[in-house]
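Each reported figure results from applying straightforward, stated rules to the coordinates on display, with no laboratory input. What you are looking at is a predicted structure, and each value in this text was computed from that prediction instead of being measured. So basically every Cβ, Gly included, is an ideal-geometry build from the backbone, and we count neighbours across all protein chains shown.
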Amino acid sequence: MTNLFSVFDPTSSIMSTSMNWMSTFSGIIILPMMFWLVPSRMNIMWNKITSTLHKEFKTLIGTTGFNGSTFIFISVFTLILFNNFMGLFPYIFTSTSHLVMTLTMALPLWLSFMVYGWFNHTQHMFAHLVPQGTPPVLMPFMVCIETISNMIRPGTLAVRLAANMIAGHLLMTLLGNTGPSISYSIMMLLLITQMALLMLESAVAIIQSYVFAVLSTLYSSEVN
């Protein structure tokens, strides 16, 4: 089991500094050429993605939200998407498969929403603890349930992303390790399965970053 999870273990280091986490910053090396020179097809495509996300997040936040607040969530989406895709390449450490990374993103976002909501819209936040149409007898229980569900939000955001990243990579590692010990006929099946899994993981990389960003937007819209 130790060897199985070793792909998720940040081990390589230079002068006792963990270098695996540098995969998060490798985008800084790749992106400038694409973004700051002539408007390439990639540039136009990314602009379309950004504007689509902006419109969608604007709808979710509503009219009461601050102007430009959607770009926080677009930035989070971009960061997670990039890290998820980098993890699909061989020998590149998947930083988003660690709770250290995912909680670092989820916890400050949730905490800032809570602090802002409770300080500026205290009555509104208390009203959120009791869903509309709740019988008076059930109100104390509903407050407890709603408080707990609110408290575990950053945890669910972080664990969902990390677990999805680990699950697919682990399955691909397990299947890949069986390669040397099987016949050629089964090897073809294994290759097809691995390719299908890689396509699935590419889809999961996009979906999980989108889910994280959308849920963060929805949590922020509740405090306005």
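Descriptive notes on the structure:
- Among the chymotrypsin sites (Phe, Trp or Tyr not before Pro) in the stretch 44-143, those located in a DSSP loop and surrounded by at most 11 other Cβ atoms within 10 Å of their own Cβ are Phe66, Tyr91.
- The sum of -39500 (n - 2.57) across all DSSP H runs of n ≥ 4, divided by the residue count of the chain, sets its helix-only mean residue ellipticity at 222 nm to -23500 deg cm²/dmol.
- At least 27 Å along the helix axis (C-alpha) and Kyte average at least -0.5, DSSP helices within the chain: 41-61, 99-120, 153-177, 184-222
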